[in-house]
Amino acid sequence: MDEGSLETHIPRSSMPGELHHPYSKFSDWKFKLFRVRSMERAPMPGETQIERAPLSEVVTSSTLGETSEDAVGLPGSVMKLCLGGKSKENVEGPGRRVDLKLQEMDTHMNYLRCLCRLCGGALRKAKGPEHDVQGLLDVASRTALRKMGCKSTSWPEVILKVFKVDVTGDMETVHPPSFCQRCWTLSMRGGGFCSFSRTHVPEWKPHNTLCSLCYPKKPSLQRKGRKRRKVPRGAQRLAKRTKWDVHENTAMVGDKRTWRPGTEHAQGPAHRTWVRPSIQRAQWVKSITHCQKEHLSARLLSEDLPVDFLSSVTCQVCDHLLSEPVQSPCRHLFCRSCIAKYMFSLGPHCPTCTLPCTPADLTTPAKAFLKVLHSLLLFCPRESCRERVQLDSFRTHCLGHQLEEEARGGKLLEKSLDNFLPVNKGGRPRQHLLSLTRRAQKHRLRDLKTQVKVFAEKEEGGDTKSVCLTLFLLALRAGNEHRQADELEAMMQGRGFGLHPAVCLAIRVNTFLSCSQYHKMYRTVKATSGRQIFQPLHTLRAAEKELLPGYHPFEWQPALKNVSTSCHVGIIDGLSGWAASVDDAPANTITRRFRYDVALVSALKDLEEDILEGLRERSLDDSICTSGFSVMIKESCDGMGDVSEKHGGGPAIPEKAVRYSFTIMSISIQVDGEDEVVTIFQESKPNSEMSCKPLCLMFVDESDHETLTAVLGPVVAERNAMKNSRLILSVGGLSRSFRFHFRGTGYDEKMVRDMGGLEASGSTYVCTLCDSTRAEASHNMTLHSITRSHDENLERYELWRTNPYSESAEELRDRVKGVSAKPFMEIHPTLDALHCDIGNATEFYKIFQDEIGEVYQNPNPSKELRRSWRSALDKQLRTKMKLKPVMRMNGNYARKLMTREAVDAVCELVCSEERRAALRELMELYLQMKPVWRSTCPAKECPDQLCQYSFNSQRFAELLSSVFKYRYDGKITNYLHKTLAHVPEIVERDGSIGAWASEGNESGNKLFRRFRKMNARQSKVFELEDVLKHHWLYTSKYLQKFMEAHKNSAKALQATIDPDEIQDTQEDADLSLDIPEF
């Protein structure tokens, strides 16, 4: 059975006369049409308009005995005898007035078809083709509009933009269905966006007794006081119209012929267009209902049912199977949409018995009848299937065929698949849920929403979102849509498709993508995969706010001295808070920083999950943790050297930068009733750049003491204020108190001397921990203790400044032990492990050169000899160790140089076997001592080396003073002195040296350069703000956890773009998160 058979119909049986209602006074009804736009279903842009065949094609011969069944193949044979009943009495009796009204409506619609929808002019006067108002753009129009930037695909979109008229709700009984070529030209000239000429769009009204189209007022035909000109006698006269010409524009209604607007003039009596009244009524009502593509034909029934039963299950208007049936008070059945459109066009009365009936009087039939209706068996219209399906499951069956075709990769069914399916039209065209506005969606789903909310509060603790998502997931699984179900499940679990904004932010920060690069990647992935895997930039900016300082509220008790109580403070000028006197010159620097207390609050909120996890692991209740938390902070400050970047024209100007940062080392708590302090958080990687949070960035030379003091002065003031107060912050939903302890340990030798007010590193006073001179340290290399402190240096500075004893410069210098400036920041007396390694490696590099040149025999070599020794050493290290020469010692070179392999390579250039043994023993002792100051916890990681450290350091000192006396006679380097004399004391006091090193801050130097290149901007002020912001996000524990949870995001991305290329064998492969620079 082909699709064309859907439009065929079965004739109805004539109804008995006793069923006709006696009411026939149609004169009381004024045939007024009600303007209810919602009664008519507007054709969608993708639907094709119903073909309007000229009535001349509908030619039937009464002499051949045709019935309505013979006109099945005609375009207009959709409904039969829908008005006036199905009996001869109704056809030729009181129903004539209804037929006259139908005839009026058909005449009105014919007039509308001749006019333009937009300008109201006659289509025949506009030269050019007509265009369908609801149709799609043709190829020529779409191509022309695309060239002008318009991406519309249908005429309603173009008309809305150009003429400011919404035609999607047009009805054929009110509005013309076409527009003229002139309006098309205006649309093309405006590029589909505007109109360059003013076009008055008329207001179209429904047909009434005073319709201006059906009964026009023609002032041109009225006399204006002047006689009409007579036709000259010699003028040629037209012949009178023939009888057939008159008959071709008439139609039979009952026993009369009525005027009907004709089409093209017939050439003779053989082409007259008289149409049977029943067929004519069907054509008239067809132009009103337009349901032949929506409702199912009775031809699809699988059994030959009785005529009376068939009449009871078909609509009395359209002759199709009932679709959402409704029942009138006179017990007649109709499709809801058909009766609604009929009443809107022809008035509120029953089409069968002409009894007055309004849409409000329509009711739903009995359930028993609906059960019988839905159990009817229909043949599947598909030739390859021909399965018998019940009416209620017919839609699902047709959708199954569509899914099968899509699975086989066949040609997609046309968008109007619902033509075969019963749809719920209601009193108003029932739109799909997704096409409604948000308010209408809430109104339609209000009952379901209430039920889901009650269930969620009762069973799931009020988590309505999870209940709805689970229902959607189960619906997808039940429909075998496993791919979409997998995507939804991955989204619910925060992985895979539809990445969390924090994941996208972590990917962008960790791969150093600029805004434009990320946006390009976002668009490319979305266009390639068809899914929004990555989130747009505005979503990332919203996620940034929660991670940057200045988002979380807090309180200090007591309030911080000379610090604002505002909580929402972001990046500020680094010079704010600096009280400069009148005589001070303005600081020539650019600096940006976070406020210290706000940055600490953000860092603690970043560790909120770790704090709560630590409390749970140690089974600590909130009731026994009343004393508050103690937070240990490691501070680091170091210069980054020349960080100049040439973004604009002109020469590259050297720029030196300094970064001040901090690291949360541990969080502990004093449990009530116990003396032992419980550590609930310990930084596992204290020397990683991922844990070192930037606080202040400044373009300044670290040797510029005045500028450095001006910039770090406000930071020091905030730090001192926080020492005497406690922070009240909400963690885990409860307000908790925190006290902070600061240790300034992450400084190199140069920065320690600058901040502590000591002389430069070449001073006589070799150590920043004790008062020994260089000569004393070389004679006694191991027996020294830590004597310097911040308070003592301040007292010595006062002595240096005032000289109360009137001593000479040498005597005063000996009294203050090298203090020559005011210490402006408290520094914890310790040893920096990273710079200790670099300093000792530099000293060993010089020892290797001296041993190659046998300086112990020739104490005063020339510079040329020293250059030759260095060249030989560099060549040997390059050959054996693959170490390229460096201008300045760095950490990587130092680690490779201080190995046994490097000593063996150097010993090949040493002639004396005794000197070789001494070099090997010296390196072996150093490698035994190194883990003590490099390990994070030497008591656990290297207890044996810690116990032997004093012995090894004593033996190391003996070798330096005996075998290598030529180099260490009366002198020693700073780091060798601290390595031999102060390491055991520092480890005993602090527990570790390596954990408090400045390695994390040093590792951030490369991050500064990468972030600066990533956020290259013309203004250095905004550039510094972007670098500080992204550096902070880079160190966020929250983002790091998301990155750990989404290690396979790159694999998911590739699988989304091209699933065929991902093989099962690559499931365990390590994929990098580096996003290619698009």
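Over the Cα atoms of region 783-939, Rg to Rh with Kirkwood Rh, two decimal places?
Numbers: Rg = 21.1 Å, Rh = 19.0 Å.
The Rg/Rh ratio comes out at 1.11.
Accessible area, 1.4 Å probe, largest first: how do F472, F379, F738, F554 sort? Write out the running numbers ahead of the final one.
Working: F472 105, F379 50, F738 0, F554 25 Å².
From most accessible down to least: F472, F379, F554, F738.
Tell me, what is the FRET efficiency for K750 and N588 to the nearest 0.05, using R0 = 22 angstrom and their Cβ-Cβ distance as r? Mind dumping the intermediate values first?
On the way: r = 21 Å, r/R0 = 0.97.
Calculated value: 0.55.
If packing is taken as the average count of other Cβ atoms within 10 Å, what order do 324-335, 864-875 fall into, highest mean first?
The peptides rank, most packed first, as 324-335, 864-875.
Hey, which of these cross-link pairs are over 29 Å Cα-Cα: K526/K1029; K634/K1006; K545/K1013; K341/K465; K341/K442? Before the final figure, lay out the partial values.
On the way: K526/K1029 27 Å; K634/K1006 21 Å; K545/K1013 23 Å; K341/K465 41 Å; K341/K442 27 Å.
Cα-Cα > 29 Å for K341/K465; rest within.
Could you check the spin-label model distance between H741 and Q557? Points 7 Å from the Cα along Cα→Cβ, value in nm.
About 2.2 nm separates the two model spin labels.
For a quick check of understanding: with a 1.4 angstrom probe and all protein chains in place, what accessible area in square angstrom does E157 have, to the nearest ten?
Accessible surface of E157 is approximately 80 Å².
What is the Cα centroid distance between region 111-162 and region 697-769, reported in whole angstrom?
Centre-to-centre (Cα) distance: 74 Å.
Taking the alpha-carbon centroid of each part, what is the distance from region 321-353 to region 532-562 in angstrom?
62
Going by accessible area, probe 1.4 Å, with all protein chains left in place, what is the ranking of C947, C357, largest first? Kindly include the intermediate steps, with their values, before the conclusion.
Details: C947 115, C357 5 Å².
Descending order: C947, C357.
Would you list the P(r) distribution for region 286-406, with all Cα-Cα distances sorted into 10 Å bins from 0 and each bin expressed as a whole %?
All Cα pairs, binned at 10 Å, distribute as 12, 41, 31, 13, 3 percent.
Keeping every protein chain in place, order C214, C380, C194 by accessible area at 1.4 Å, biggest value first, i.e. largest first.
Solvent-accessible surface, decreasing: C194, C214, C380.
For region 715-826, what is the relative contact order in percent, using Cα pairs closer than 8 Å and at least 6 residues apart in sequence?
Working: 116 pairs, mean separation 29.8, N = 112.
The value is 27 percent.
Pull out the extension gain between C114 and A760, defined as 0.36 nm times the separation in residues minus the alpha carbon to alpha carbon distance; nm, one decimal. Intermediate values should be presented prior to the final figure.
Details: separation 646, 0.36 × 646 = 232.56 nm, distance 9.98 nm.
Extending this stretch completely gives an extra 222.6 nm.
What list of ³J(HN,Hα) values in whole Hz, one per residue of region 740-753 in order, does the Karplus curve 6.51 cos²θ - 1.76 cosθ + 1.60 (θ = phi - 60°) give from phi, with Gly and Pro shown as x?
10, 10, 10, 10, x, 10, x, 10, 7, 4, 5, 5, 5, 5
What FRET efficiency do you get for K151 and K371 if R0 is 60 Å and r is their Cβ-Cβ distance, rounded to the nearest 0.05? Each step should come with its number before you reach the end.
On the way: r = 49 Å, r/R0 = 0.82.
The pair K151/K371 has a calculated efficiency of 0.75.
Between K442 and E655, how many nm apart are label points set 7 Å from Cα along the C-beta direction?
Spacing of the two 7 Å Cα→Cβ label points: 5.0 nm.
Name the long-range amide H neighbours of C318: under 5 Å, sequence gap of 5 or more, or other chain; modelled H, no Pro or chain starts.
It is C335, by chain and number.
Stretched out fully, how many nm does the piece from A775 to K875 gain, at 0.36 nm a residue minus the Cα gap?
Details: separation 100, 0.36 × 100 = 36.00 nm, distance 3.50 nm.
Full extension from A775 to K875 adds 32.5 nm.
Starting from the Cα of D642, step 7 Å along the direction of its Cβ; do the same at D392; then give the gap between the two resulting points in nm.
Taking the two extended label points, one gets 8.5 nm.
Can you compute the FRET efficiency between A542 and V677 using 1/(1 + (r/R0)^6), with r the Cβ-Cβ distance and R0 = 51 Å? Round to the nearest 0.05.
In this case the efficiency is close to 0.85.
So how much slack lies between R477 and D990, counting 0.36 nm per residue of separation and subtracting their Cα-Cα distance, in nm?
Values: separation 513, 0.36 × 513 = 184.68 nm, distance 5.94 nm.
Difference between extended and current length: 178.7 nm.
The values are calculated or read from the model by the stated rules, or taken from the named source; none is laboratory data. All figures in this text were calculated on a predicted structure; none of them were measured in a lab. With ideal geometry, Cβ positions are generated from the backbone for all residues, glycine too; neighbour counts draw on all protein chains shown. Just the protein is used for accessible areas: all its heavy atoms, side chains included, with ligands, DNA and RNA removed. Shrake-Rupley method; radii C 1.70, N 1.55, O 1.52, S 1.80 Å.
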